[in-house]
Amino acid sequence: MRLTNDLRGALKGNQFKLYFQPIVHLATGRIHKAEALIRWEHPQRGLVSPLEFIPLAEASGLVVAIGEWVFHESARWVQHWRREVDPDFQVSINQSPLEFQREGASYANWLRTLQQLGLPGQSLVVEITEGLLLDASSTVTDKLLQLRDAGIQVALDDFGTGYSSLSYLKKFDIDYLKIDRSFTRNLAPESSDMALSDAIIVMAHKLDLKVIAEGVETAEQRDLLAAAGCDYGQGYLFARPLPAADFDTLLKTQA
Ligand code: G
Ligand code: G
Ligand code: MN
Ligand code: NA
């Protein structure tokens with residue numbers, strides 16, 4: 001396929017850009033973390049969404065090299081932000097199920113690179129989707145243990161949209177639940193999405209997990225989530241995903 005061919009040259013051609021979207025601590029309004037989101041600036045087609053090219057990257061095996069690039073860029077930026085802005089700053093990286101389950105890959109390499117940069121594992125969070133936990137294969141368990149050993153935190157992305165494998169929250173060591181934006185979208189007092197969000201937050205806190213609400217677009221949504229005890233928010237209300245240099249400026253203006 002044409003696009004897959006182009007994808008092969010994209011890394012060498014510096015066509016990938018890493019964007020960052022703030023994750024805001026709701027009680028203080030401060031940016032504590034950022035989610036790294038890859039963008040492909042195709043020379044002819046313009047911006048191509050990861051929704052379109054990650055599946056092609058998976059099918060062609062290129063997802064491995066792309067994932068390594070995302071990791072190295074993220075590590076470089078989190079090093080900068082920890083030095084310049086906040087010693088506890090974290091960058092969150094998405095991994096597709098196929099990337100996460102890949103045999104032979106090891107987070108020990110990541111930890112080595114982090115150590116060379118003078119960074120602890122806690123500089124990073126890996127976002128995986130809840131469906132992975134249903135597959136209780138030894139690979140998944142082993143990967144989660146490797147992350148734990150490295151001190152890298154784990155977030156369950158798109159929580160509530162898939163299998164809602166609640167019992168797995170107890171079984172595996174997860175640090176953050178990301179409430180999917182389909183719940184945030186229709187938040188209103190007394191609404192069923194409010195009830196669900198409330199329940200997710202209470203349950204998460206009892207299990208010692210922090211909660212990040214995605215897709216926060218209005219001040220009302222932010223206030224309802226904060227009142228429900230949600231720890232963090234992410235969404236267009238705070239900022240869209242920004243090119244790294246713009247995110248850097250945003251972060252430094254609040255410092
Ligand atoms: O940023 P955007 O809304 O276009 O992201 C679309 C999807 O692409 C999201 O599901 C997001 O998790 C995924 N995505 C963004 N960046 C990465 C990445 O670096 N690696 C992987 N595997 N998925 C990503
Ligand atoms: O699947 P994942 O949760 O990783 O996807 C994250 C993507 O959601 C981001 O890349 C971004 O493009 C998108 N996003 C972030 N904030 C908002 C928001 O407030 N509203 C909507 N509709 N999409 C958002
Ligand atoms: Mn995500
Ligand atoms: Na999500």
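Quick rundown of the values:
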{"read-out": "Unmet criterion (only one of (1) closer than 27 Å to R222 by Cα; (2) of a type outside the set (D, E); (3) more than 15 Å from ligand 2 (Cβ to nearest atom); (4) in contact (Cβ under 8 Å) with a residue 60 or more places away in the chain) for H80", "value": "(1)"}
{"read-out": "Scan of the range 122-140 for residues that are part of a helix (DSSP H, G or I) and either among the aliphatic types (A, V, I, L, M) or out of contact with any Leu (no Cβ under 7 Å at 6 or more places or on another chain) (or both), ordered by number", "value": "Q122, G131, L132, L133, L134, S138, T139, V140"}
{"read-out": "Boolean, P241 is in contact (Cβ under 8 Å) with a residue 60 or more places away in the chain and either within 14 Å of ligand 2 (Cβ to nearest atom) or out of contact with any Pro (no Cβ under 6 Å at 6 or more places or on another chain) (or both)", "value": "yes"}
{"read-out": "Per-region count, the range 80-100, residues assigned to a helix (DSSP H, G or I), within 15 Å of ligand 3 (Cβ to nearest atom) and either under 15 Å from A34 (Cβ atoms) or out of contact with any helix residue (DSSP H, G or I) (no Cβ under 7 Å at 6 or more places or on another chain) (or both)", "value": "0"}
{"read-out": "Positions within the range 30-56 being in contact with a helix residue (DSSP H, G or I) (Cβ under 9 Å, 6 or more places away or on another chain), within 23 Å of F238 (Cα to Cα) and either away from ligand 3 (no atom under 14 Å from the Cβ) or of a type in the set (K, R) (or both), in sequence order", "value": "R30, I31, R39"}
{"read-out": "Sole residue being under 23 Å from K17 (Cβ atoms), touching a residue at least 24 places away in the same chain (Cβ under 8 Å) and in a loop (DSSP other than H, G, I, E, B), chosen from L114, L119", "value": "L119"}
{"read-out": "Matching residues in the range 180-233 - criterion: being among the hydroxyl-bearing types (S, T, Y), in a helix (DSSP H, G or I) and surrounded by fewer than 14 Cβ atoms within 10 Å (Cβ to Cβ)", "value": "S182, S192"}
{"read-out": "Residue selected from the range 71-102 under the condition modelled with pLDDT under 95 and closer than 16 Å to L147 by Cβ, by the criterion nearest to the chain's Cα centre (by Cα)", "value": "S96"}
{"read-out": "A255, sole failed condition from (1) loosely packed, with under 14 Cβ neighbours inside 10 Å; (2) of a type outside the set (V, I, T); (3) at pLDDT below 95; (4) in contact with a Leu (Cβ under 8 Å, 6 or more places away or on another chain)", "value": "(4)"}
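One line per residue, one yes/no per condition, for (1) surrounded by fewer than 12 Cβ atoms within 10 Å (Cβ to Cβ); (2) part of a strand (DSSP E or B); (3) within 18 Å of the chain's Cα centre (by Cα):
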{"position": "N14", "(1), (2), (3)": "yes, no, no"}
{"position": "K17", "(1), (2), (3)": "no, yes, yes"}
{"position": "I23", "(1), (2), (3)": "no, yes, yes"}
{"position": "A27", "(1), (2), (3)": "yes, no, no"}
{"position": "H32", "(1), (2), (3)": "no, yes, yes"}
{"position": "E35", "(1), (2), (3)": "no, yes, yes"}
{"position": "R39", "(1), (2), (3)": "no, yes, yes"}
{"position": "L56", "(1), (2), (3)": "no, no, no"}
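The values are calculated or read from the model by the stated rules, or taken from the named source; none is laboratory data. Small disclaimer: the values here were computed from a predicted structure and weren't measured. Quick reminder, even Gly has a Cβ in these numbers, built from the backbone with ideal geometry, and neighbours come from all protein chains shown.
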